[in-house]
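Working notes for the structure below.
The values are calculated or read from the model by the stated rules, or taken from the named source; none is laboratory data. Note that the structure is predicted; figures quoted are calculated from it, not measured. Cβ placement follows ideal geometry from the backbone for every residue including glycine, while neighbour counts extend to all protein chains displayed.
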Amino acid sequence: MDSSIVTKGAMAWLGIRPSPISLAYELSWLCNLECAYCDRHTPMANEMKRDQILKALGEFVELGTSSVSLDGGEPLAHPNVTEIVQFLVEREVEVSMHTNGILVPRKIETIRKLKKVKISLDGPKEAHDSMRGAGSFDSAIAGARAATQAGVRVEFTCSVGRHNADAIEQLLDIVEGLGCRILFQPVRNSLFVYTQRDGKAWELEHQRSLATFARVEAAKRSGRAVANQWSSLRHFRNFPYEARPPCAAGWILCTMDPEGVLFHCGERDRSDRSNNVTRMGVAGAFANLTKSACGQCWCARSVEENYTWGLRFDKMLPPLRH
Ligand SMILES: C[S@@+](CC[C@H](N)C(=O)[O-])C[C@H]1O[C@@H](n2cnc3c(N)ncnc32)[C@H](O)[C@@H]1O
Ligand code: SF4
Ligand code: SF4
């Protein structure tokens, strides 16, 4: 790792100076699917244009951003995605992407430049298509095959809910057949914590969620292709109760939405839209971020980053068996 990033990380950890080392950027809320549980499949009213995007990303790079995770909506549906990835890679930024996989074969030259592609897989064909629409399972698998053949690391993400809780082992069979691994995290009533949306239709009730994640743990213990680290599986043992990870949001992590509004954490309520990088510049907007931990992390990789950030080595070890 670059020594300047280590220094920046240490300054942030000590509470001296935060740095936007890792950015999650939702390019657009435009999407080629309309998954039932998702809040983000309609473009926002004033999404940034190409020049604004490149200006903002250039400012992030100046401030030391070394990794960018592209998200959406569907990032591959954005008209400038190729140029954006190229722009970042040329500046030695590590780029990963969350995608439904549909456009991966068509955009394979862009995919090739990524450090990792994260393809959502909601279950075997029937469960996946029930949430994401007919044909979407076959497209996700075709996308994974194309990326793997291009030499790009593929990791699947499964949002665990009522539609797929019984299919954990089947999912593992599928991804192992492709030579990949899969990350499990719970479906929430909304992508944003503390909104009024009522998503009970797809969220698992608590006891069933615990039992399902216990099966994920058992699968990991037996060497199956579970991508979660132990820290996120420990977290999901208690989630959403008694789960208070350290929180790096606003210190080294931040999230930018398609209109350029910057948040310390992408999982929180977004009703305050004042912190916009196009008006305030990235440095101004980043300096303005709140740093309030909420303990409600449901995104497995955020949980893991947070425990690493907090140097909670105790949380990284396998827990005792249930
Ligand atoms: C919003 S999507 C954007 C990237 C891309 N379109 C995709 O589907 O992977 C990112 C992730 O959010 C997950 N997601 C959507 N709605 C969710 C919810 N209510 N609870 C938990 N995860 C959710 C999706 O399954 C996907 O893995
Ligand atoms: S989960 Fe992804 S593919 Fe599905 S509607 Fe949301 S953004 Fe689109
Ligand atoms: S603790 Fe809350 S604010 Fe911090 S990263 Fe997790 S969800 Fe975001």
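For SER222, the conditions (1) within 21 Å of the chain's Cα centre (by Cα); (2) modelled with pLDDT of 95 or more; (3) of a type in the set (S, T, N, Q) all hold with the exception of (1). In a residue-by-residue description of segment 90-112, the property of being under 21 Å from ALA24 (Cα atoms) and within 16 Å of ligand 3 (Cβ to nearest atom) applies to no position. Does segment 118-134 contain at least one residue that is within 10 Å of ligand 1 (Cβ to nearest atom) and more than 16 Å from VAL160 (Cα to Cα)? Checked segment 118-134: no residue is within 10 Å of ligand 1 (Cβ to nearest atom) and more than 16 Å from VAL160 (Cα to Cα).
Scoring VAL193 on the criteria (1) without any contact (Cβ under 8 Å) to a residue 40 or more places away in the chain; (2) of a type in the set (A, V, I, L, M, F, W, C); (3) not in a helix (DSSP H, G or I) leaves a single failure, condition (1). It is to be established whether one or more residues within segment 3-26 are buried (at least 22 other Cβ atoms within 10 Å of the Cβ), within 16 Å of ligand 1 (Cβ to nearest atom) and either of a type in the set (Gly, Ala, Ser) or over 26 Å from ARG270 (Cβ atoms) (or both). Yes, there is a match, as at least one residue in segment 3-26 is buried (at least 22 other Cβ atoms within 10 Å of the Cβ), within 16 Å of ligand 1 (Cβ to nearest atom) and either of a type in the set (Gly, Ala, Ser) or over 26 Å from ARG270 (Cβ atoms) (or both).
For segment 202-227, a residue qualifies if it is in a helix (DSSP H, G or I) and of a type in the set (Asp, Glu), and exactly one does: GLU217. Only a single criterion out of (1) surrounded by fewer than 16 Cβ atoms within 10 Å (Cβ to Cβ); (2) in contact with a Lys or Arg (Cβ under 6 Å, 6 or more places away or on another chain) is not satisfied by TRP29, namely (1).
Are any residues in segment 41-71 outside any helix (DSSP H, G or I), more than 16 Å from ligand 3 (Cβ to nearest atom) and buried (at least 21 other Cβ atoms within 10 Å of the Cβ), and if so, which ones? Within segment 41-71, MET48, THR65, SER66, VAL68, LEU70 meet the criteria. Taking segment 9-40 as the search range and keeping residues that are among the aliphatic types (A, V, I, L, M) and not in a loop (DSSP other than H, G, I, E, B), which one is nearest to ligand 3 (Cβ to nearest atom)? Across segment 9-40, the extreme among qualifying residues is ALA24. Out of everything in segment 228-276 that is in a helix (DSSP H, G or I) and of a type outside the set (D, E, K, R), what residue ends up being nearest to SER69 (Cα to Cα)? Checked segment 228-276; the qualifying residue nearest to SER69 (Cα to Cα) is SER232. Residues that are within 16 Å of ligand 2 (Cβ to nearest atom) and among the acidic types (Asp, Glu) were ranked within segment 27-71; the one that is farthest from HIS163 (Cα to Cα) is GLU47.
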